[in-house]
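A.B. asks: First the structure, which I've put down as structure tokens, then a few questions once you've had a look.
Values quoted throughout were computed directly from the atomic coordinates according to the rules given, and no laboratory measurement underlies them. For clarity, every value in this text was computed on a predicted model and none was experimentally measured.
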């Protein structure tokens, strides 16, 4: 229920953090990793990071304790969590009650993985097309607002 806004951040402007041994790189799209903060502004604190792990790399990554965090494997088979659960490309793993760190590791091959997290909303969710709100009445109002042009316009 706020005015729309857009931030354009070219890929070259996304900050990158690297592990001490150089085997792990992380593009910090949102949030913070290894002391490097994202350049985008978010309304709430979120975590959106792209990790690249070389073969044999392992990292314990700090995350806010109240966050719900998941990893989505883009390529390679990674090993996730304290039990080193193997997860193949195009699969995800949900971290539950892992405290304030998550463990990411690569076996014999390089791994590319997205790490995404936020504080759970714990509120009702209603969706219709591109709209996500809390009630059906809010959905109806969003459709009316969109049709009336009140959601802004993208210009070049």
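A.B. asks: How far is helix 136-147 tilted, in degrees, relative to the longest principal axis of the Cα atoms in the chain, given as a value from 0 to 90 rounded to the nearest 10?
C.D. replies: 80
A.B. asks: Next question, about the same structure. What whole-number value in cubic angstrom gives the convex hull volume per residue for the C-alpha atoms of region 30-69?
C.D. replies: Measuring per residue, one finds 87 Å³ for the Cα hull of region 30-69.
A.B. asks: If you don't mind, another one. Summing -39500 (n - 2.57) over the DSSP H runs of n ≥ 4 in the chain and dividing by its residue number, what mean residue ellipticity at 222 nm do you reach, to the nearest 500 deg cm²/dmol?
C.D. replies: -2500 deg cm²/dmol
A.B. asks: Starting at 0 and stepping by 10 Å, how many percent of the alpha carbon pairs of the chain end up in each bin?
C.D. replies: 10, 32, 30, 19, 9, 1
A.B. asks: When Rg is the radius of gyration of the Cα atoms in region 85-156 and Rh is its Kirkwood radius, what does Rg/Rh come to?
C.D. replies: Values: Rg = 19.4 Å, Rh = 16.6 Å.
My calculation puts Rg/Rh at 1.16.
A.B. asks: Output the relative contact order of the chain, whole-number percent, from Cα pairs under 8 angstrom with separation of 6+ residues.
C.D. replies: Relative contact order comes out at 20 percent.
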